[in-house]
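A short write-up of the structure that comes next.
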Amino acid sequence: MALALLTVATPASAVIDTIYVNNTKPFPGGPGTDTSNAYASIKTALDATGGPDKVIAVMGTGKDYRDTVKVVSADSGTNGHPFVLFARGDVTVSGADTTSQWSYYATENLWRAKVYRIPALPPPHQVYALGTRYPEDTTTAPLPLQRCRYRASGDSIYINTGGSDPRTLVAYISKDVPVTLTGTSYVQVVGFKARYSNDDGFTGGVSPFFGPASMTGSPA
């Protein structure tokens, strides 16, 4: 999906406070006032700032950001003084945990892996293994080929590879929506790509600044 361009019109008197994020820095990083002391994750930067005339610049590093970012009403900007979260370069946010720790479940000719799911969050809806997407099957029938199914008993995800060993490649278990806007106004989220997310990569409601909150990305 094409990335959006960022254009922020603010009064000449406005002082823009920019915080930088770079996921190659040691965690948690900070204070983020310069690229040399950037925060190591988007979440830690957002915990430290937000609100009118605040900008979080997320640096493209060639490495996916494994972040679960929740922008809430307290982070909102005001008319002419937005809060901006934008990608500086090519930035991809991932909603998945990686694993190669599969075990063979001979009873059903399936492979399974531990999920470690937070109870308040939905179960995984898809798995990417062996270069293939395994969407969720919610029936009680035998699991079809190239489908996945989460079972709360054992907190595990099962996939049907047709017998192929998924341990030969790193797999991605989709668990989260990387960026969520809730009750925000005058917020701009722009330039990101999302992949391996649980449902849409970016979700949110209407933000008066730029109309609907500008979020780009897809669960590629």
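Values quoted throughout were computed directly from the atomic coordinates according to the rules given, and no laboratory measurement underlies them. What you see is a predicted model; the values in this text were computed from it and never measured. Here the Cβ is made from the backbone with ideal geometry for all residues, glycine too, and neighbour counts use every protein chain on show.
Observations, loosely collected:
- A simple spin-label model places the labels of T24 and K63 0.8 nm from each other, with each point 7 Å out along Cα-to-Cβ.
- What the Cβ-Cβ distance of D34 and T78 gives, at R0 = 35 Å and to the nearest 0.05, is a FRET efficiency of 0.85.
- Each part reduced to its alpha carbon centroid, the stretch 35-52 and the stretch 129-151 end up 37 Å apart.
- Checking the Cα-Cα distances for K114/K193; K70/K193; K43/K193; K63/K114 against a 22 Å cut-off, the pairs over it are K114/K193; K63/K114.
- Extension gain, L121-S164: 0.36 nm per intervening residue step, less the Cα-Cα distance, totals 12.5 nm.
- Modelled label positions at D17 and E136, each set 7 Å beyond Cα in the direction of Cβ, lie 3.9 nm from each other.
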